[in-house]
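The values are calculated or read from the model by the stated rules, or taken from the named source; none is laboratory data. In this text the structure is predicted, and so the values were computed from the model without any measurement. Virtual Cβ from ideal backbone geometry, glycine too; neighbours counted across all protein chains shown.
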Amino acid sequence: MSSLEVVIDQEEMDLLRKSIHEFAKKEVEPFYDDWEKQGNIPREFWNKLGEQGFLLAEIPEQYGGLGVPFHYSAVVIEEFSRLGFNAITANLAVHDVIVAHYILNYGTEAQKEYYLPKMATGELVGAIAMTEPGAGSDLQGIKTTATYDEERKSYKINGQKTFITNGQHCDFVIVAARTDVSVKPSKGMTLFIVDVPIEGFERGNNLEKIGLHACDTSELYFDDVWIKDSAILGEKNKGLHILMSELPRERLILAISAVAAMEGALDLTVQYTKERKLFGESLDHFQHTRFQLADLFTKVRIHRSFIKECIQLMVEGKLDTVTASMAKLSSTEAQGEVMDKCLQLFGGYGYMTEYPISRAFVDARIQRIYGGTSEVMKHIISKEILK
């Protein structure tokens, strides 16, 4: 057992889970259906998350965080996913587990002191803009540029981003742009922190999705947006390297949310099979139901064990890209299968939106796409195997 494992207080973790459930019961459950219809969570909800201490758990106390290990961030993601509030999970993951750590690991001291404390309270909401209409899993295809003007001592950003989580609410966005178009994007890409609103910046429509309806997902437009070089995050022309270094964390979070969502769906399904009658008996008395549930619980238990291993590797700084890709690939593919079979056990009611299992089913579909598609995960894994 490593020293990092020893500091994890299980009682404290259980209290955190309980507090999330109590918070969700009061502040989320009564309103979530309306948020889904509106296509967004209220902006003030971020402040409530901050008040509860659910934001930036890992960030050092000097920057407004709690300074606790990754396990605590994992619990927050897990419990909102287990409860079926997957849109909140997606919003949180980007703001908390991704954007905050880009700033912590690559920001200047001034950037860390300004952004992180405000992110911890929910005063500032962060987003990251990588994807473009012609560049998704392969970031080498980005077209957005940041051109330096010697006279103004500033960069001019032009381009379009799409599928940006927190796009409607964000107060700042980390933008990936090409700063040297004479070389490949892998060698000429830079990250910038752009505070919004700003002249030349425009939020596009809140995109309509088949799932995660309450998670705002937007197009962002940059038309001669001028920013100082102090807005650079990390080193100039090292943007792709920075993005790649943080992808294992992002993919692990997606795997964690997948396993928790499966566990939550199975709990709903077991309860339903005990209540639903068919031919005079409850569904749980049929051999097919029992065998189906046995298979599903076994599958989820295996993935839970792998995820626990990956969490510990993350805490120890040993989680590599291939292992994180394996976790993301396997758990999200399993999530699709588990949700489909759970919905089938609900029969016709599973197809009705009033039953949470239907939302769990459609929310699960994106998990195999964002953060790198399953096909890209296989490409990464196979490259390591066959090198």
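Tabulated data for the structure shown
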read-out: Test result for residue 263, outside the structural domain of residue 73 (by TED's automatic domain parsing), in a helix (DSSP H, G or I) and modelled with pLDDT of 95 or more; value: yes
read-out: Residues within region 244-267 that are closer than 23 Å to residue 72 by Cα, surrounded by fewer than 23 Cβ atoms within 10 Å (Cβ to Cβ) and aliphatic (A, V, I, L, M), tallied; value: 1
read-out: Flag if residue 279 is buried (at least 23 other Cβ atoms within 10 Å of the Cβ) and of a type in the set (Phe, Trp, Tyr); value: no
read-out: Single residue of region 358-379 satisfying the filter (more than 17 Å from the chain's Cα centre (by Cα) and of a type outside the set (Val, Ile, Thr)) that is nearest to residue 259 (Cα to Cα); value: 361
read-out: Segments classed as helices (runs of 4 or more DSSP H), wholly inside region 10-102, with at least 3 members that are among the β-branched types (Val, Ile, Thr) and modelled with pLDDT under 95; value: none
read-out: Criterion (closer than 22 Å to residue 83 by Cβ and of a type in the set (A, V, I, L, M)) met by exactly one of 364, 324, 294; value: 364
read-out: Which listed residue, of 136, 141, is outside the structural domain of residue 42 (by TED's automatic domain parsing), within 18 Å of the chain's Cα centre (by Cα) and either of a type in the set (Lys, Arg) or modelled with pLDDT under 95 (or both); value: 136
read-out: Residues that are among the β-branched types (Val, Ile, Thr), in contact with a strand residue (DSSP E or B) (Cβ under 7 Å, 6 or more places away or on another chain) and more than 19 Å from residue 96 (Cα to Cα), drawn from region 141-198; value: 142, 144, 145, 147, 157, 162, 179, 181, 190, 198
read-out: Subset of region 85-106 (residues that are over 13 Å from residue 173 (Cα atoms) and surrounded by fewer than 23 Cβ atoms within 10 Å (Cβ to Cβ)); value: 101, 104, 105, 106
read-out: Residue match in region 120-135 (condition: acidic (Asp, Glu) and part of a helix (DSSP H, G or I)); value: no
read-out: Check on residue 224, at pLDDT below 95 and either among the polar types (S, T, N, Q) or touching a Lys or Arg at 6+ places or on another chain (Cβ under 9 Å) (or both); value: no
read-out: Count of residues meeting criterion [among the small types (Gly, Ala, Ser) and farther than 25 Å from residue 267 by Cβ] in region 319-345; value: 2
